[in-house]
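All remarks here apply to the structure that follows.
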């Protein structure tokens with residue numbers, strides 16, 4: 001019986017989501033017959049793992065330390081096989097600026113944007129509104145601000161002492177239209193979900209994780225040729241960054257009445273959420289892959305030098 005340690009929690013802003021992902025995955029893995037240890041990650045994780053000596057680490061961590069290459073490097077050093085992407089792909093995908101550069105070079109369309117100092121953003125509009133301000137290396141929509149029109153002052157919260165997402169931020173053009181996401185499993189692009197926040201507003205943290213926070217349309221109701229194109233873009237993004245295991249790429253598609261037709265990839269998630277409201281398990285289920293089968297596949301896919 002393989003011993004799987006499920007890494008969860010940690011100390012990033014996404015701790016609570018990670019705990020939910022980890023608990024769901026641990027339950028499913030026990031149901032699949034694995035010996036499972038649930039581990040809320042603390043700074044002494046290296047010595048804890050050295051003592052436990054698991055066969056495989058199932059990485060259910062989200063955010064910095066968990067999906068930016070650092071825990072992956074530790075697992076490589078300890079020679080513990082692990083799930084999801086490796087050191088380089090994790091670090092690349094977590095850095096939105098570097099990931100955009102790599103994806104664009106591979107032919108994946110990305111939003112126009114630039115790196116700016118947060119204090120400069122608070123003083124003047126750094127792009128023509130509407131535009132989006134986002135931290136360079138955070139997930140779950142933490143720190144994302146949408147500046148909708150020129151008449152309003154720039155976002156003053158960026159100059160506050162309680163801003164915890166770094167002094168350099170990414171300013172990007174705002175792309176109206178549909179919120180779409182496509183999962184990749186191994187070398188196969190799965191289906192596409194359209195996400196509609198229940199309130200009709202921004203797909204923020206509550207819309208992502210609260211029950212009833214968003215409406216999911218699966219498969220997304222878009223033209224077949226566009227559907228297949230997005231699947232190919234998701235696979236290209238996954239492969240260009242060097243991702244392994246399961247990933248999820250988020251898109252915006254402005255195909256509404258009077259829309260520009262613009263389609264862009266926003267980011268690649270190398271550690272997609274695995275909670276009861278998460279997108280990847282829902283996409284997998286649509287393909288006939290149960291939650292237990294999904295996590296079993298991820299464990300059996302685990303390796304070193306990813």
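Data for the structure
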{"item": "Computed lengthening from residue 293 to residue 188, 0.36 nm per intervening residue step minus Cα-Cα distance", "result": "36.2 nm"}
{"item": "FRET efficiency estimate (nearest 0.05) - Cβ-Cβ, residue 16 to residue 128, R0 41 angstrom", "result": "0.70"}
{"item": "For the chain, the fraction of alpha-carbon pairs in successive 20 Å shells from zero, as %", "result": "34, 58, 9, 0"}
{"item": "Candidates 248, 81, 148, ranked by Gaussian network fluctuation over the chain, Cα under 10 Å, top entry", "result": "148"}
{"item": "Among 226, 283, 192, residue whose mean-square fluctuation peaks in a GNM of the chain (springs only between Cα atoms under 10 Å)", "result": "226"}
{"item": "The chain, helix-only ellipticity at 222 nm - DSSP H runs n ≥ 4, -39,500 (n - 2.57), divided by all residues, nearest 500", "result": "-9500 deg cm²/dmol"}
{"item": "Cα convex hull of the stretch 3-84, projected area averaged across orientations, nm²", "result": "4.6"}
{"item": "Cβ-derived FRET efficiency at R0 25 Å, residue 27 paired with residue 47, nearest 0.05", "result": "0.40"}
{"item": "Sites residue 156 and residue 106, calculated FRET efficiency, Cβ-Cβ separation with R0 45 Å, nearest 0.05", "result": "0.75"}
{"item": "Ranking of 164, 214, 290, 90 by count of other Cβ atoms within 10 Å, fewest first", "result": "164, 290, 214, 90"}
{"item": "Fewest-first sequence of 286, 84 by Cβ atoms within 10 Å of each Cβ", "result": "286, 84"}
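The numbers here are math on the coordinates, done by the rules we state, and not lab data. Because the structure is predicted, anything quoted here is derived from the model rather than measured. So basically every Cβ, Gly included, is an ideal-geometry build from the backbone, and we count neighbours across all protein chains shown.
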